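The values are calculated or read from the model by the stated rules, or taken from the named source; none is laboratory data. Since we're looking at a predicted model, the values are computed, not measured. Don't worry about glycine lacking a Cβ; one is built from the backbone with ideal geometry, like all the others, and counts go over all protein chains shown. When the accessible area is computed, the model is the full protein with side chains, heavy atoms only, and any ligands, DNA or RNA have been set aside. Shrake-Rupley method; radii C 1.70, N 1.55, O 1.52, S 1.80 Å.
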Amino acid sequence: MPASLEPATLPRPTPALWPRLVRAVGRAIARAAAQLRRDGFALAGVTIYTVFAVVALLADVLATHDPMEILFLPTGKLAANIRPGADFLLGTTNLGRDIYSQLIHGTRSALLVGLSAAVVVASLGTVVGLVSGYFGGRIDMVMMRFADVALSLPFLPFVIVLIGFLGASINIIIMAVALLLWPNTARVIRSQVLSLRERAYVEAARVTGASTWRIMFVHIAPNILPLSFLYGSIAIGWAILTEASVSFLGFGSANVVSWGYMLQDAFASQALSRGHFNWFIPPGLCIVLVVVAGFFISRGYEEIFFPKLRD
Amino acid sequence: MRLLLERLLHTLLVVWAVVTILFLMFRLMPGSPLAAYLHDNLSEEQQNLILQQFGLDRPLWEQYFIYLGNLLQGELGVSFFQRRPVLDVLLAVFPNTIVLTLSSLIVAYVFGVLAGAYLAWRRNSVIERAAVPAVLAIRAAPEFWIGMVLLAIFSFELGWLPSGGANSPGMFYDSEIDRFLSLDFLRHLILPVLTLALYLQGLPLLLMRSNMLEVMHDEFVTMARMKGLSEWSIVIRHAARNALLPVLTAFALGVGVSVGGNVVVEIVFSWPGIGRLLVNAVATLDYPLAQGAFLLIALVLIFMNFVADMLYSMLDPRVSHARVA
């Protein structure tokens, strides 16, 4: 449509895309924060996330040793298999590495993997869901067939094969998680868009001559953002669990200290048969806490935004 | 009937897509395309045979059609290190995985359904309030870690159960059935099954609980109450039966997902199954074996998705094709 016509036919102010999106995000966060006070689950989840985020940021301060350094006792003996105590809070590994410091540094890689995967999954899923739901027809069909195929690939085996061939790296784990998880987000967002696009205000925008992209990203997108957040928060847990499994199977990158690496190290070094519970219980508990925090948050959010979605 | 055909066609399309992805994945990996099937470890005779069989000297598009044709005949190449046809290697370990998967799913679903119904009935009690976060926490735990903890306690600490494998060394059986029914096998099965069941019970439990809560408000339950039926009869004969349908679908889906998801548990317990085979094949770069194991896991998943789909539409006549798609 010619630009000169716009002011005459559209007397209303047309706010730019970004401020509107930012405000929508702000509103969603405010609503969520208000809900927090009422929902114990969500509050617990957010608290856990906050604690781990602080630990990740302050890892260098909180750690008592270099996580990979082989430590020696003042007597010159290797500090191997030391029991928890004042010098080594959670004891040491069979090669004399400090378990507590590894745990603290593991927080960093867990949050890094979790958050990056969440962002990729949520954005990919949102864009595909928006396009698929809004345009419908052939585009929709093709996209949803892609989703079917992605959901038919066995998750962990696919990641293993991919990493086995392409080499271990955090980026590939994130990519693999995103490649297999976007369909869940896209399907839910698509069905939401299908109903939103029939609403009166979208019709009104269309009649006043708003462009397709404008309708999609200014009028519809803000309404599905909470859904994107929800699926993003679920993806955090999945990504952390996947990274842990892959590292446990021995396909993790060698120079990153993660909780999965710690568990693999403990398993391969006979910590189980020697009863070194101080070595393999803490990393597992940390994974449980971070992942369950994601579950709690998504449960709380589902109740605020989508009371009908819960199954 | 039309729905069945349509879903069948759709399933075949997905199978074709997965098979094609697999072809591309294994041809585009580092090294020459020959490396997907040939290895110095195989005898010259075997190598020549495979070269012929897979047309490895032909252009890539021709190889693709030869590959599809071979797949239809179950021809998956020869394992580099076991020097046996891949199909034979796969079929030898597949029953172990199926036994593990089905036993743990059955334990998990029987427990989950009963516990879920109980929690719905005791809504807002102390037990219910404590159980839901506990179930979520178990679901959040990595399966292999649950296995490690159980292994450390029951095998190493208490010495009650064996620490790995499916049979003690030196045991021989007349048939597979005899082996599966032997006390030795069952003792090896307990810990892996317990690990998987702990992990898997959360889904049926939460599903059953919320379905029951929903169904208890339905008209037919009110009707049963008005007829003066006992609470027991209402819960079991009326509500539970209807709440069970989605759980059945979840079970079918669970079989497909678990066969691939078992990988880590099979590693922890050295369980000689398809997942452990895949991990070892990838680790040793035994490409034909890795490809075959992945394909088998994917086919089970796709088939069970199809079964779940059909179950869902058979059990719930309200489902139209549009909703499934």
Open to solvent by less than 10 Å² (accessible area, probe 1.4 Å) and either of a type outside the set (Val, Ile, Thr) or in contact with a helix residue (DSSP H, G or I) (Cβ under 8 Å, 6 or more places away or on another chain) (or both), is that true of residue A:218?
yes
Filter result for residue A:291 (at the interface with chain B (Cβ under 8 Å from one of its Cβ atoms), open to solvent by less than 10 Å² (accessible area, probe 1.4 Å) and either at pLDDT 85 or above or assigned to a helix (DSSP H, G or I) (or both)):
yes
Please go through segment B:1-29 and give me each residue that is free of Cβ contacts under 8 Å to residues at least 60 places away in the same chain and open to solvent by 40 Å² or more (accessible area, probe 1.4 Å), ordered by number.
B:1, B:2, B:5, B:9, B:12, B:13, B:16, B:21, B:24, B:28
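State whether one or more residues within segment A:5-14 are outside any loop (DSSP other than H, G, I, E, B), at pLDDT below 80, aliphatic (A, V, I, L, M) and open to solvent by 70 Å² or more (accessible area, probe 1.4 Å). Before you say what the answer is, go through the steps one by one.
Filtering segment A:5-14 down to residues outside any loop (DSSP other than H, G, I, E, B) leaves A:5-9.
Then keep just the ones that are at pLDDT below 80; that gives A:5-9.
Next cut, aliphatic (A, V, I, L, M) only: A:5, A:8.
Retained after the next criterion (residues that are open to solvent by 70 Å² or more (accessible area, probe 1.4 Å)): A:5, A:8.
Yes, some residue in segment A:5-14 is outside any loop (DSSP other than H, G, I, E, B), at pLDDT below 80, aliphatic (A, V, I, L, M) and open to solvent by 70 Å² or more (accessible area, probe 1.4 Å).
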When the residues of segment B:108-148 are narrowed to those that are crowded, with 17+ Cβ neighbours inside 10 Å and without any contact (Cβ under 8 Å) to a residue 12 or more places away in the chain, which ends up farthest from the other protein chains (Cβ to nearest Cβ)?
B:118
Unmet criterion (only one of (1) open to solvent by 80 Å² or more (accessible area, probe 1.4 Å); (2) within 14 Å of chain A (Cβ to nearest Cβ)) for residue B:232:
(2)
Which residues, counting only those in segment B:235-249, are open to solvent by less than 60 Å² (accessible area, probe 1.4 Å) and out of contact with any Pro (no Cβ under 6 Å at 6 or more places or on another chain)?
B:235, B:238, B:239, B:240, B:243, B:245, B:246, B:249
Can you name every residue in segment A:237-276 that is within 7 Å of chain B (Cβ to nearest Cβ), assigned to a helix (DSSP H, G or I) and free of Cβ contacts under 8 Å to residues at least 24 places away in the same chain?
A:248, A:263, A:267
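Within segment A:299-308, identify whether any single residue is at pLDDT below 85, of a type in the set (Asp, Glu) and open to solvent by 50 Å² or more (accessible area, probe 1.4 Å), and answer yes or no.
yes
Considering only residues that are free of Cβ contacts under 8 Å to residues at least 60 places away in the same chain and open to solvent by less than 40 Å² (accessible area, probe 1.4 Å), which ones fall in segment B:72-102?
As a first pass, look at segment B:72-102 and keep what is free of Cβ contacts under 8 Å to residues at least 60 places away in the same chain: B:72-75, B:83-85, B:88, B:91-92.
B:74, the sole residue that qualifies.
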Of the conditions (1) over 14 Å from the mean Cα position of the chain (by Cα); (2) open to solvent by 10 Å² or more (accessible area, probe 1.4 Å), residue A:123 clears all except one; give me its number.
(1)
So for segment A:101-114 (the condition being at negative phi, of a type outside the set (Val, Ile, Thr), modelled with pLDDT under 90 and assigned to a loop (DSSP other than H, G, I, E, B)), does at least one residue qualify?
no
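Please go through segment A:128-142 and pick out each residue that is open to solvent by less than 50 Å² (accessible area, probe 1.4 Å), modelled with pLDDT of 85 or more and within 14 Å of chain B (Cβ to nearest Cβ). Lay out the reasoning, then the answer.
Applying the first criterion (open to solvent by less than 50 Å² (accessible area, probe 1.4 Å)) to segment A:128-142 yields A:128-134, A:136, A:140.
Okay, now just the ones that are also modelled with pLDDT of 85 or more, so A:128-134, A:140.
If the condition is that a residue be open to solvent by less than 50 Å² (accessible area, probe 1.4 Å), modelled with pLDDT of 85 or more and within 14 Å of chain B (Cβ to nearest Cβ), then A:132, A:133, A:140 are the ones that fit.
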